Amino acid sequence: MLRRVRFTRRPQGVSIAQPGFDFAAAGHRLAAPLLDTLLPLGSTFSLVSLICALLIAAGHVVLSRRARGRRTSARLLARALFPRKVWLNASSRLDLVFFVFNVWCAGLLLGAALLSGQAITKVLSGWLGANLGEGPLAATPWPIVAVVGTLAGFLAYELSYWVDHWLSHKVKFLWAFHKVHHTAEVLTPLTVYRVHPIESLKFANIAALATGGTGGVLAWAFGPAWHQPLIFGQNAIFLVFAMSVIHLQHSHAWMTFRPFGKWLLSPAHHQIHHSADPAHFGKNLGSCLAVWDRLFGTLHVPDKRPASLTFGAVATDPHSLTGGFATPFVEAFKGEPIPRAVPLPAE
């Protein structure tokens, strides 16, 4: 039996949307993680820092060709900066997946499990004050405190990065997760997000211990005068590297820093680190400075000329979601072997 349906006109001014649901607010909440990643100047993946890296890479291409007596057209420059074999590679597509995951999901999964550098600083400085009394540097002028705080914070972060990276290359369980980053067969700025959640958790805690511990000692030593000035919420020294070099470390641009390669890590240094050559395994473990690599014997200063390098650690189905997220757990508990480094050939 067909039922007769009666249609009525909707009164003017009455919305057909369900009451209480704000599409604009929902869209803003959805876009907020991406905007918080790209827009703040203190973000390590800000649009401004990406544009700076692009301009530096473009200048490098133009000047390198000019030194060889060659001109650079706009079309050639575009092809040099955005080669299809790099940006359309299956490896780059997985980088994009990790970018999406880390921007929208990683904070929800890991935020509650992380140590707080600020909390460590507060607890440690309080404990030192209670047991040792007032710090010996309480009368230090604030400009000196600012310089010491900025430099010490940067060095502590760099050391934590090196220690975390060294452990990832030495401990089988940790290498299984770090290997995800090394399965990248091409390097783009997005490769920095090709990091397993377990590795992100590990690094965040190590960095919190290093920076928080350093801050705690200095906060006690300097007393009320202690402060670590930040620029856009970021350490001033690190921000300089973020605006110039860091994005190019994961790129195909071969740029060396000679004669400063013994002190600063160039894009070429990090490309050596990603090399599939066993002689390069475990080299150049730092972030910005070569100081810790030089001190602990893991520094390899790249040659002036572009080396013939291939990237990508041996892995099963490295550019799939299973290979990127699930397989590391299996390999970690199976105790998959770490690649064996071989001595570098004599230069």
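The numbers here are math on the coordinates, done by the rules we state, and not lab data. Note that this is a predicted model, so its numbers are computed, not measured. Neighbour counts are summed over all protein chains in view; Cβ atoms, including those assigned to glycine, are modelled from backbone coordinates with ideal geometry.
Here are some notes:
- Spacing of the modelled spin labels on residue 130 and residue 321, each 7 Å from Cα toward Cβ, amounts to 4.9 nm.
- Dimensions of the stretch 265-312 along the principal axes, based on C-alpha atoms and rounded to the nearest Å, stand at 27, 20, 14, largest first.
- With an a/c value of 1.5 or above and a/b not larger than b/c for the gyration tensor axes a ≥ b ≥ c computed over the alpha-carbon atoms, the stretch 154-272 is described as oblate.
- Aspartates and glutamates whose Cα lies under 16 Å from that of residue 179, excluding same-chain neighbours fewer than 8 positions away: 95, 164, 199, 277, 317, 331, 336
- Residue 78 paired with residue 232, simple spin-label distance in nm, labels 7 Å along Cα-to-beta-carbon: 2.7
- A protection proxy built from the mean count of other Cβ atoms within 10 Å ranks the segments 149-162, 62-75, most packed first, as 149-162, 62-75.
- Helices assigned as whole DSSP H runs in the chain whose Cα atoms extend at least 24 Å along their own long axis and whose mean Kyte-Doolittle hydropathy is -1.0 or higher are found at 47-67, 142-170, 197-222.
- Note: relative contact order over the chain, using C-alpha pairs below 8 Å and six or more positions apart, is 21 percent.
- Qualifying trypsin sites (Lys or Arg not before Pro) in the stretch 188-296, where qualification requires a DSSP coil assignment and no more than 15 other C-beta atoms within 10 Å, comprise 262.
- Highest-MSF residue in the chain out of 166, 142, 292 [GNM, Cα springs under 10 Å]: 142
- Centroid-to-centroid separation of the stretch 214-234 and the stretch 18-95 [C-alpha atoms, Å]: 34
- Per-residue Cβ neighbour rank within 10 angstrom, fewest leading, 164, 317: 317, 164
- At R0 = 25 Å, FRET efficiency that the Cβ-Cβ distance of residue 30 and residue 96 yields, to 0.05: 0.90
- Global form of the stretch 224-320, assessed from the alpha-carbon gyration tensor, a/c cut-off 1.5: prolate
- Cα gyration tensor shape of the chain, rounded if a/c is under 1.5, else prolate or oblate by comparing a/b with b/c: oblate
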